[in-house]
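S.K.: Starting off with a structure, shown below.
The values are calculated or read from the model by the stated rules, or taken from the named source; none is laboratory data. Small disclaimer: the values here were computed from a predicted structure and weren't measured. Please note: Cβ atoms are built from the backbone with ideal geometry, for glycine as well, and neighbour counts cover all protein chains shown. Just the protein is used for accessible areas: all its heavy atoms, side chains included, with ligands, DNA and RNA removed. Shrake-Rupley method; radii C 1.70, N 1.55, O 1.52, S 1.80 Å.
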Amino acid sequence: MNHEHMNTYTFANLKGGSGSTTSAVSVAEALIQEGKSVLVVDLDPQGSLSRWVASRSGSATALLSGDFDAVEIESVEQGNDARGTFDVVTANRSLAQVDNVRAAKVAKRIERLWDSSSGYDHGLIDPPPSVGALVLGALMASDGALAPVEAGPGAMDGLKDTMQLLNRTGATPLIGAFACRVDVRTTLDTQVPDGLLDELGAVDEGGTSFRTFIREAIAMREAQTAGELPGSYDPDMTAVADYRDLTSELLTLNKS
């Protein structure tokens, strides 16, 4: 998929609460700190990402309904150290009304957005954690999937379901999985990143697991409640540093 050097990814895990929204916002923030221009599409009818960084609206619904003139791209307020652009197509519960649209049509309309959005280096999509046209269409319109895996009991369940969906449909390849919300004080949590590397192999060695994992940080949830980007809310947050390292791994893959 070629959008004039625009790299497009969908954060996907079919297990709810896996950290997709947090990861989409945090990776976008890390990218703009690297001077990149990022367009994020919220495809979850709950609109959690939209509420966090802007405000909920029917722009994503308009996009998937084919009413492109009604699609508004909002700018996200950034911290002082940001050197790039963070824009978003926001969603609200009206998006659930278009979930009966075929996945191929969802993909086609997202691709039209990519094609008409010149000047962006990266396009990121945050879909709902369920099998349906929204998530499948998002995957089909992406260069690859990024799979956050929340540490804890049953951590691998959602990833396995996601990988089965990718393998069954051929929608897009898995670029990389990564553990998030890892409580380094617990043995169970710290086993998850090692388990991903053992099972999938490291991305820098041709596998599909990032070496970086994201540590648990209460301040991340506080940032979401406050409606601030994580790095603006608490620049010293461990998870902010981790997402920067993860994004550096991703950018290295883009160059290879």
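S.K.: If a residue must be crowded, with 21+ Cβ neighbours inside 10 Å and of a type in the set (V, I, T), how many such residues does region 178-191 contain?
M.R.: Total meeting the criteria: 1.
S.K.: Looking at A70, A91, A54, which is the one that is crowded, with 20+ Cβ neighbours inside 10 Å and free of Cβ contacts under 8 Å to residues at least 40 places away in the same chain?
M.R.: Values: A70 fails: crowded, with 20+ Cβ neighbours inside 10 Å; A91 fails: free of Cβ contacts under 8 Å to residues at least 40 places away in the same chain.
Going through A70, A91, A54 in turn, the sole match is A54.
S.K.: Turning to a different aspect of this structure: If you take the residues in region 107-129 that are out of contact with any Asp or Glu (no Cβ under 9 Å at 6 or more places or on another chain) and at pLDDT below 95, which one is farthest from V240 (Cα to Cα)?
M.R.: Per the stated criteria, the residue is S116.
S.K.: Could you tell me whether any residue of region 13-21 is touching a strand residue (DSSP E or B) at 6+ places or on another chain (Cβ under 9 Å), modelled with pLDDT of 95 or more, of a type outside the set (D, E) and surrounded by fewer than 24 Cβ atoms within 10 Å (Cβ to Cβ)?
M.R.: No.
S.K.: Quick one: D161 ticks every box in (1) under 25 Å from E77 (Cα atoms); (2) in contact (Cβ under 8 Å) with a residue 60 or more places away in the chain bar one, so which box is it?
M.R.: Tallying (1) under 25 Å from E77 (Cα atoms); (2) in contact (Cβ under 8 Å) with a residue 60 or more places away in the chain, D161 fails exactly one: (1).
S.K.: Ok, one more. Can you work out which of the residues in region 198-256 that are part of a helix (DSSP H, G or I) and among the basic types (K, R) is farthest from H122 (Cα to Cα)? Talk me through it step by step, then tell me what you get.
M.R.: Keep residues of region 198-256 that are part of a helix (DSSP H, G or I), which gives 198-200, 203-205, 218-226, 230-233, 238-255.
From what is left, the residues that are among the basic types (K, R) are 221, 244, 255.
Numbers: R221: 25, R244: 15, K255: 13 Å.
Filtering first and then ranking leaves R221.
S.K.: Sort out which residues of region 79-95 are aliphatic (A, V, I, L, M) and either modelled with pLDDT under 90 or more than 15 Å from S65 (Cβ to Cβ) (or both), and write them in order of number.
M.R.: Matches in region 79-95: A82, V88.
S.K.: Taking helices (runs of 4 or more DSSP H) that fall entirely within region 1-119, which contain at least 2 residues that are farther than 19 Å from A133 by Cα?
M.R.: Counting at least 2 such residues, we get 20-33, 48-53, 103-116.
S.K.: Looking at region 208-225, which of its residues are over 27 Å from I175 (Cβ atoms) and open to solvent by less than 50 Å² (accessible area, probe 1.4 Å)?
M.R.: Filtering region 208-225 down to residues over 27 Å from I175 (Cβ atoms) leaves 218-219, 222, 225.
Result: A219, single match.
S.K.: Across region 124-152, what is the number of residues that are among the acidic types (D, E) and within 13 Å of the chain's Cα centre (by Cα)?
M.R.: First, the residues of region 124-152 that are among the acidic types (D, E): 126, 143, 150.
Narrowing the set further to residues that are within 13 Å of the chain's Cα centre (by Cα) leaves 126, 143.
Total meeting the criteria: 2.
S.K.: Could you say which residue among R221, R211, R185 is under 22 Å from A54 (Cα atoms) and either without any contact (Cβ under 8 Å) to a residue 12 or more places away in the chain or of a type outside the set (V, I, T) (or both)?
M.R.: Details: R211 fails: under 22 Å from A54 (Cα atoms); R185 fails: under 22 Å from A54 (Cα atoms).
Step by step, each of R221, R211, R185 is checked, and only R221 is under 22 Å from A54 (Cα atoms) and either without any contact (Cβ under 8 Å) to a residue 12 or more places away in the chain or of a type outside the set (V, I, T) (or both).
S.K.: Please name all residue pairs, on different chains or six or more residues apart, with Cβ atoms under 9 Å, provided the first residue is in region 101-115 and is closer than 14 Å to V41 by Cβ and the second residue is among the polar types (S, T, N, Q) and at pLDDT below 95.
M.R.: What qualifies is R109/S65.
S.K.: Examine region 227-240 for a residue that is in contact (Cβ under 8 Å) with a residue 24 or more places away in the chain, open to solvent by less than 50 Å² (accessible area, probe 1.4 Å), among the small types (G, A, S) and touching a Lys or Arg at 6+ places or on another chain (Cβ under 7 Å), and state whether such a residue exists.
M.R.: Yes, region 227-240 contains a residue that is in contact (Cβ under 8 Å) with a residue 24 or more places away in the chain, open to solvent by less than 50 Å² (accessible area, probe 1.4 Å), among the small types (G, A, S) and touching a Lys or Arg at 6+ places or on another chain (Cβ under 7 Å).
S.K.: Scan region 2-12 for residues that are of a type outside the set (D, E, K, R) and either modelled with pLDDT under 95 or under 12 Å from the mean Cα position of the chain (by Cα) (or both) and jot them down.
M.R.: As a first pass, look at region 2-12 and keep what is of a type outside the set (D, E, K, R): 2-3, 5-12.
If the condition is that a residue be of a type outside the set (D, E, K, R) and either modelled with pLDDT under 95 or under 12 Å from the mean Cα position of the chain (by Cα) (or both), then N2, H3, H5, M6, T8, Y9, T10, F11, A12 are the ones that fit.
S.K.: Taking the options S37, S65, name whichever one is touching a Ser or Thr at 6+ places or on another chain (Cβ under 6 Å) and surrounded by fewer than 22 Cβ atoms within 10 Å (Cβ to Cβ). Full working, then the answer.
M.R.: On the way: S65 fails: touching a Ser or Thr at 6+ places or on another chain (Cβ under 6 Å).
One residue alone meets the criteria, S37.
S.K.: Would you mention how many residues in region 164-177 are out of contact with any Phe, Trp or Tyr (no Cβ under 6 Å at 6 or more places or on another chain) and either open to solvent by less than 20 Å² (accessible area, probe 1.4 Å) or touching a residue at least 24 places away in the same chain (Cβ under 8 Å) (or both)?
M.R.: Count: 9.
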